[in-house]
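A.B. asks: First, the structure itself, so that you have it in front of you.
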Amino acid sequence: MNTKQTYYTPANIDKKNATYNIIFGERSNGKTYALLKKGIINFIKNKKHMAYVRRWKEDITGRRASAL
């Protein structure tokens, strides 16, 4: 049985234990939410920082993007 994952989870890429990760994927599947949530939790627990990098300012859109 082949089931499609509904929302993105960083679990598979975390298994790679890489220094840097670049995530490509379909639109609106929760990549930003999942990774920002992971970054916030990691900062609270371990005081480690993450970077949220976009190519253009216009790439950050949405209802709450200005507060990002």
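The values are calculated or read from the model by the stated rules, or taken from the named source; none is laboratory data. Model, not experiment: these values are computed from the prediction. Glycine gets a Cβ as well: all are built from the backbone with ideal geometry, and neighbour counts include every protein chain shown. Side chains are part of the model used for accessible areas, which takes the heavy atoms of the whole protein and leaves out ligands, DNA and RNA. Shrake-Rupley method; radii C 1.70, N 1.55, O 1.52, S 1.80 Å.
A.B. asks: Could you check how many residues of region 16-25 are open to solvent by 100 Å² or more (accessible area, probe 1.4 Å) and either among the β-branched types (V, I, T) or farther than 18 Å from K48 by Cβ (or both)? Let's see the steps before the verdict.
C.D. replies: Looking only at region 16-25, we keep the residues that are open to solvent by 100 Å² or more (accessible area, probe 1.4 Å), and these are 16-17, 19-20, 22, 24.
Checking the rest, the ones that are also either among the β-branched types (V, I, T) or farther than 18 Å from K48 by Cβ (or both) come to 19, 22, 24.
So the count comes out to 3.
A.B. asks: Could you please give the count of residues in region 4-38 that are assigned to a helix (DSSP H, G or I) and not small (G, A, S)? Can you show your working first?
C.D. replies: Keep residues of region 4-38 that are assigned to a helix (DSSP H, G or I), which gives 11-14, 31-38.
Okay, now just the ones that are also not small (G, A, S), so 12-14, 31-33, 35-38.
Within region 4-38, residues that are assigned to a helix (DSSP H, G or I) and not small (G, A, S) number 10.
A.B. asks: Let me ask you something else. Among what's in region 39-53 and is open to solvent by 100 Å² or more (accessible area, probe 1.4 Å) and assigned to a loop (DSSP other than H, G, I, E, B), pick the residue that is modelled with the lowest pLDDT.
C.D. replies: That would be V53.
A.B. asks: Within region 1-49, track down each residue that is aliphatic (A, V, I, L, M) and over 10 Å from the mean Cα position of the chain (by Cα). First the steps, then the outcome.
C.D. replies: Applying the first criterion (aliphatic (A, V, I, L, M)) to region 1-49 yields 1, 11, 13, 18, 22-23, 34-36, 40-41, 44.
Scanning region 1-49 gives M1, A11, I13, A18, I40, I41, I44.
A.B. asks: Name every residue in region 10-26 that is at pLDDT 90 or above and either on the phi < 0 side of the Ramachandran plot or of a type in the set (D, E) (or both), in order of residue number.
C.D. replies: Let us first name the residues in region 10-26 that are at pLDDT 90 or above, namely 10-19.
Within region 10-26, P10, A11, N12, I13, D14, K15, K16, A18, T19 qualify.
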